[in-house]
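Novice: Dropping a structure here in structure tokens format, bear with me for questions.
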Amino acid sequence: MLERFLVPNGSFVNYTAEHFVSLTISIIFSVYVLYFGKKYWNPEKQRLYITWLLILAASTQIMKIVIKNYDGSFDITKDLPLHLCNLMPFVMVAVMWAKNRKWWAFFFFWIIAGSSQSLFTTSLTESFPHNEFIRYWVLHVIIVVAALYGAIVYRFDLQKKDIIHSWIGINIIAAIIYPINVALGANYFYLNAKPPGTTFYALLGPWPYYIISLEFAVLIIFSMVYYIFHFLKKTSQTTQAN
């Protein structure tokens, strides 16, 4: 069993039974946390439980480095937590503990636009029970739950200016990450090449032109997220009023 947990199998394929089962479990877990968080947990439990979930997600990133150092496969160009999704639990744990609406909104767009699609168009290559499979699903599901948790449980709202703030912010982070990529020969944030697998990036053209396409796509997607958010919020309020 330990060998299956550590040794790469390279057998995960998108849109197979394994993928759909993983998605189903993820959705059930997400609904459970959001429903009970809103209906049954008091404010203290609301903050405590989401914080512990994010600590769990962050710990999978730390354990990834530990495991890869243990088996001798650690690669500084791939295994630092510098991809967008991998960074999120470390920052979101502080945001959700502090119940900070501005920072929640700042990262909300990143997570909903980026991390959520990673559940449907994964870059995952390892099947269960490999540690990377477990890390991938635990990480992505929890940060998506955290983003939705702010809206549903904490009742945070989005403002139009949050779109621009978030868009500018992701460009600033990308500008910081790019020289790190150049220095290490890495591809964090997928700035130097597309991610493996069938992902959203496949629609954006070849490198480096997909970076330009991505700039416009991100701004459009952030705007769509904003309007869908407010449409759903208004619909929910109308339903509750009736």
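Novice: Once phi is turned into ³J(HN,Hα) by the Karplus curve 6.51 cos²θ - 1.76 cosθ + 1.60 with θ = phi - 60°, what whole-Hz value does each residue of segment 214-227 show in order, with x for glycine and proline?
Specialist: With coefficients 6.51, -1.76 and 1.60, one gets 5, 4, 5, 4, 4, 5, 5, 5, 4, 5, 4, 4, 4, 6 Hz.
Novice: Continuing with this model, one more query. Helix 160-184 sits at what angle to the longest principal axis of the chain, using alpha carbons and giving 0 to 90 degrees rounded to 10?
Specialist: Roughly 10 degrees, rounded to the nearest 10.
Novice: May I ask you to list the aspartates and glutamates whose Cα is less than 19 Å away from that of Lys161, ignoring any residue fewer than eight positions away on the same chain?
Specialist: Glu215
Novice: Per residue of segment 67-77, what does 6.51 cos²θ - 1.76 cosθ + 1.60 with θ = phi - 60° give for ³J(HN,Hα)? Whole Hz please, x for Gly and Pro, Karplus curve as stated.
Specialist: 5, 5, 5, 5, 8, x, 9, 4, 10, 4, 7
Novice: If packing is taken as the mean number of other Cβ atoms within 10 Å per residue, what is the order of 79-85, 66-72, highest first?
Specialist: 79-85, 66-72
Novice: Enter the per residue convex hull volume of segment 7-127, computed from alpha-carbon coordinates, in Å³ rounded to the nearest integer.
Specialist: 119
Novice: Another one. Report, in whole Å, the centroid distance computed from the Cα atoms of segment 15-31 and segment 59-91.
Specialist: With segment 15-31 and segment 59-91 each reduced to a Cα centre, they are spaced 24 Å.
Novice: For segment 44-53, in order, what is each residue's ³J(HN,Hα) by Karplus, 6.51 cos²θ - 1.76 cosθ + 1.60 with θ = phi - 60°, in whole Hz (x at glycine and Pro)?
Specialist: 5, 5, 4, 6, 5, 5, 5, 5, 5, 4
Novice: Can you give the charge dipole size of the chain about its Cα centre, rounded to the nearest 20 debye, using +1 on the beta carbon of Lys and Arg and -1 on the beta carbon of Asp and Glu?
Specialist: 960
Novice: Using per-residue counts of other Cβ atoms within 10 Å, averaged over each peptide, order 228-238, 159-169, 101-111, 45-55 from highest down.
Specialist: 101-111, 45-55, 159-169, 228-238
Novice: May I ask which of Lys68/Lys102; Lys160/Lys234; Lys64/Lys194 have a Cα-Cα span longer than 27 Å here?
Specialist: In this structure, Lys68/Lys102 exceed 27 Å between Cα atoms.
Novice: In addition: Suppose every Lys and Arg Cβ carries +1 and every Asp and Glu Cβ carries -1, with no other charges. What dipole size does segment 67-198 come out with about its Cα centre, to the nearest 20 debye?
Specialist: Its charge dipole is roughly 540 debye.
Taken together, the values in this text are just the output of simple stated rules run on the coordinates, not laboratory data. All of these numbers come straight from a predicted model, not from anything done at the bench. Because the Cβ atoms are built from the backbone with ideal geometry, glycine has one as well, and the counts that use them run over all protein chains shown.
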